[in-house]
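Beneath this line is the structure, given in structure tokens, with notes to follow.
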Amino acid sequence: MNTTFKEENKDFVMYFEGRLDTAAAPKVEQDVAPLNDCTGHDIILDCTKLEYISSSGLRIFLAILKNAKPKGSHVYIRGMNDDLRQVFAMTGFTNLFEFK
Amino acid sequence: MIDCELTFLGFSIYAWITILTVLSIFFVMARTRIPAEVAFLGALTILLVTGVVTEEEGMAGFGSEPVVVHAAFFVIIAGLMQTGVLYWLTKNVLGAPKNYKNALLRLMLPTCVMAALLNSVNVVALFIDAVKIWSRKLNIAPSKLLLPLSYAATLGGMCTLLGNSSNLVVAGLYLHKTGQSLNVFEPLLPGLVLTIVGVMMVMLLQRYIPQRESAEQSFETTSDYTVELLVPTDNPAVGNSVEEAGLYNVKGGSLVEIVRFDREIIMPVPKDEWIIGGDRLIYAGQINEILELKRTHGLAAADHHVWSINDIDTKRRMRTAYVTFGSDLIGRSMTQCDFEQKNNVALIAVARQGRRVEGQPREIHLQAGDTLLLECPPKNDEQLERNNRGSITFFDSHFVPQLGPKTVTSAVILVLMFIVSSFHMLPLMATTMLAAGIMMLLGCCRMTGVTKYIEWELLLILGSTVVFSVAITKTGIADIIALQVLQICGNNPYIIMAVMCLLASLVSEFVSDVGASAVFFPIMYQQAELLGCNPMPFVMLLMLSVTISFASPIGSSTHMLIYGPGSFRFTDFARLGILMHIVLLAIALLIVNLLYPLY
């Protein structure tokens with residue numbers, strides 16, 4: 001599981017690659033730390049190369065959202081595959097996030 | 001004696017400090033949940049700081065005979081346990097008796113003998129599980145066998161110095177005072193008579209032994225205590241924390257676990273854990289009230305129940321444990337401490353005296369002897385037990401060792417230890433240390449981590465008791481009380497003995513036999529000297545009278561051990577205990593005076 005952080009057009013973009021399962025979650029949690037300081041920036045979570053997301057992965061996404069909202073930042077999810085879309089639909093996360 | 005000009009009611013200021021300290025110890029032990037060792041060390045600190053005792057006197061107790069012998073004995077017991085001697089004994093002595101009377105004999109006679117050799121507390125601790133299983137096999141309530149077990153162990157323990165901790169304390173104080181050490185079998189004759197009478201009393205008065213429902217039976221089906229509810233995808237709680245959503249502490253219960261859509265388990269659940277659609281929320285408490293959440297919070301019934309005690313998921317384990325005396329959980333509820341988080345367990349239900357306690361389990365203020373149904377991780381059983389020694393004891397705690405040549409070796413070491421010390425070839429302290437050393441050298445007991453078998457709390461208590469004795473003598477309290485009692489009771493040594501033994505045994509009912517013996521020893525010894533009598537009958541009577549405190553669970557360490565597993569009530573011990581206390585005290589007075597001449 002790899003993550004890459006980039007700043008694109010004033011947006012904070014985090015690229016996820018591989019399987020975000022329970023085992024990978026603790027490291028990813030550290031990797032997404034740069035998103036904490038997002039005042040004045042929107043966040044894009046790029047899932048184009050994300051193959052799988054577990055409940056621990058969803059918790060990380062939710063934590064990013066919970067942190068960004070009070071700062072006025074939007075959190076967008078980009079490029080989800082069908083499996084991920086299904087997980088988001090089943091868990092009610094489709095209603096929580098915005099999609100690009 | 002300390003010279004001090006200021007006196008009040010005949011006692012110096014140092015004497016008053018000592019009296020107040022001793023009284024406050026008694027109060028603290030009887031009425032609060034401060035651990036005994038902390039109370040004793042606190043008292044020692046007060047006596048040191050106020051100058052009642054010198055540093056040397058204060059610390060002398062920690063190197064005294066009772067402390068060293070106990071420490072060495074813990075290692076010997078560990079060796080006997082690890083090599084399977086004790087396991088073999090528990091398996092082979094009980095057998096299959098025909099009726100309750102036979103069962104009592106099969107249980108009490110070997111317990112008496114073993115307690116005399118291995119210390120009453122060790123024997124009761126060892127037998128509890130075996131007796132519980134046995135009681136189920138015989139279809140007898142565990143309480144009907146556990147109480148006789150405790151009596152038999154204490155009675156048998158009276159026969160040797162090693163049998164009860166207080167015997168060693170008295171022997172240690174005697175050594176300190178006179179320089180003479182007592183034979184390990186010194187109390188054998190009077191102890192034997194009391195044991196025979198005591199066992200006969202239990203047999204004759206067996207109908208006074210209370211019948212209490214077994215604690216585990218109150219938790220027969222876990223499904224009665226837990227309910228699983230599903231969070232629908234469109235539930236407004238999704239994305240909120242369990243606390244924000246009002247789903248953490250609910251009417252009649254609390255959330256003990258979340259099972260995520262991918263089978264990940266969150267247990268125990270922190271208040272700020274987020275809810276995700278598809279979560280199965282598992283609640284413990286009053287099921288009918290918790291089911292209201294379907295209506296109030298839009299939760300759905302899960303399609304099947306995950307838990308039942310017979311069909312436990314491999315990822316979870318239900319274990320029952322009881323709250324031990326002196327536990328830090330007493331008086332607190334799970335919401336007031338971090339027990340669940342620290343141990344990664346969840347409290348499902350609480351039973352008290354064989355009945356389930358109504359209401360939300362997490363809000364229940366726990367009491368000593370309460371039985372807890374805990375959901376535990378599937379692994380690290382031993383670690384969980386080790387971390388919580390002194391707080392809770394698990395019912396399924398089992399250590400089954402392999403039998404082999406070392407079993408014989410360690411048994412031989414034990415027998416030799418008794419032969420050597422009974423013929424006074426070596427002092428008791430040296431003998432027990434030698435036996436512990438040989439146990440380790442011959443591989444009967446693992447050397448690494450050997451100190452973890454030692455119950456340091458008990459050693460601290462034993463070490464600090466000596467200082468009470470020193471302070472009571474030094475400040476003149478022993479002299480004054482001894483004289484006062486002589487003035488009130490006249491110069492008849494028999495009456496004085498009877499009064500002092502009655503007092504000592506009453507105090508030990510409410511405090512501890514060890515504490516009572518340390519306080520009464522200097523006074524009784526002084527009385528013997530003032531009367532010009534042989535101190536031995538006084539010493540022997542003190543030894544016996546502090547251990548016959550059968551009527552309350554506080555005074556007896558063995559009663560404390562069986563209190564939880566037998567689902568006893570506080571007053572259960574008094575039914576037979578008061579009568580035994582009176583009869584055995586009278587017999588002790590008679591027999592000791594027949595055996596030991598006063599002049």
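Tabulated values for the structure
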| item | result |
| --- | --- |
| The lone exception for A:Ser56 - which of (1) assigned to a strand (DSSP E or B); (2) within 14 Å of another protein chain (Cβ to nearest Cβ); (3) of a type in the set (Gly, Ala, Ser) it fails | (1) |
| Members of segment B:529-547 found to be outside any helix (DSSP H, G or I) and either at negative phi or among the basic types (Lys, Arg) (or both), listed by number | B:Cys533, B:Asn534 |
| Hey, A:Arg19 in a strand (DSSP E or B), within 14 Å of chain B (Cβ to nearest Cβ), closer than 24 Å to B:Ile258 by Cβ and among the basic types (Lys, Arg) or not | yes |
| Residue selected from segment B:209-232 under the condition modelled with pLDDT under 85 and either within 9 Å of chain A (Cβ to nearest Cβ) or in a loop (DSSP other than H, G, I, E, B) (or both), by the criterion nearest to B:Arg263 (Cα to Cα) | B:Tyr225 |
| Residue ID - farthest from the chain's Cα centre (by Cα), chosen from residues in segment B:233-263 that are more than 13 Å from chain A (Cβ to nearest Cβ), part of a loop (DSSP other than H, G, I, E, B) and of a type outside the set (A, V, I, L, M, F, W, C) | B:Gly246 |
| Answer residue from segment B:443-489, given it is over 21 Å from the mean Cα position of the chain (by Cα) and of a type in the set (D, E, K, R) and is farthest from B:Cys533 (Cα to Cα) among those | B:Arg446 |
| Answer from B:Thr50, B:Thr32, B:Thr90 - the residue that is modelled with pLDDT of 85 or more and surrounded by fewer than 22 Cβ atoms within 10 Å (Cβ to Cβ) | B:Thr50 |
| Residue under evaluation B:Leu104, criteria (1) buried (at least 24 other Cβ atoms within 10 Å of the Cβ); (2) at pLDDT 90 or above, criterion not met | (1) |
| Cβ pairs under 7 Å, 6+ apart, first in segment A:70-94 and within 14 Å of chain B (Cβ to nearest Cβ) and under 18 Å from A:Phe12 (Cα atoms), second in a helix (DSSP H, G or I) and not hydroxyl-bearing (Ser, Thr, Tyr) | A:Val75/A:Ile64; A:Val75/A:Leu65; A:Val75/A:Ala68 |
| Test: residue in segment B:444-463 that is more than 30 Å from B:Met267 (Cα to Cα), surrounded by 20 or more Cβ atoms within 10 Å (Cβ to Cβ), small (Gly, Ala, Ser) and assigned by TED's automatic domain parsing to the domain that holds B:Thr83 | no |
| Selection from segment A:47-79 of residues that are among the aliphatic types (A, V, I, L, M) and touching a Ser or Thr at 6+ places or on another chain (Cβ under 8 Å) | A:Leu58 |
| Subset tally (residues that are more than 11 Å from every other protein chain (Cβ to nearest Cβ), surrounded by 19 or more Cβ atoms within 10 Å (Cβ to Cβ) and in contact with a helix residue (DSSP H, G or I) (Cβ under 8 Å, 6 or more places away or on another chain)) for segment B:264-279 | 1 |
| Residue selected from segment B:349-390 under the condition in a loop (DSSP other than H, G, I, E, B) and of a type in the set (Asp, Glu), by the criterion nearest to the chain's Cα centre (by Cα) | B:Asp370 |
| Within segment B:134-190, tally of residues that are surrounded by fewer than 24 Cβ atoms within 10 Å (Cβ to Cβ) and touching a Cys at 6+ places or on another chain (Cβ under 7 Å) | 1 |
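Yes or no, residue by residue, for (1) crowded, with 18+ Cβ neighbours inside 10 Å; (2) modelled with pLDDT under 90; (3) in contact with a helix residue (DSSP H, G or I) (Cβ under 9 Å, 6 or more places away or on another chain):
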position: A:Met1; (1), (2), (3): yes, yes, yes
position: A:Lys27; (1), (2), (3): no, no, no
position: A:Leu50; (1), (2), (3): yes, no, yes
position: A:Phe61; (1), (2), (3): yes, no, yes
position: A:Lys69; (1), (2), (3): no, no, no
position: A:Asn81; (1), (2), (3): no, no, no
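The values are calculated or read from the model by the stated rules, or taken from the named source; none is laboratory data. Keep in mind that this is a model prediction, so the values were computed, not measured. All Cβ positions, glycine included, derive from the backbone under ideal geometry; neighbour counts span all protein chains shown.
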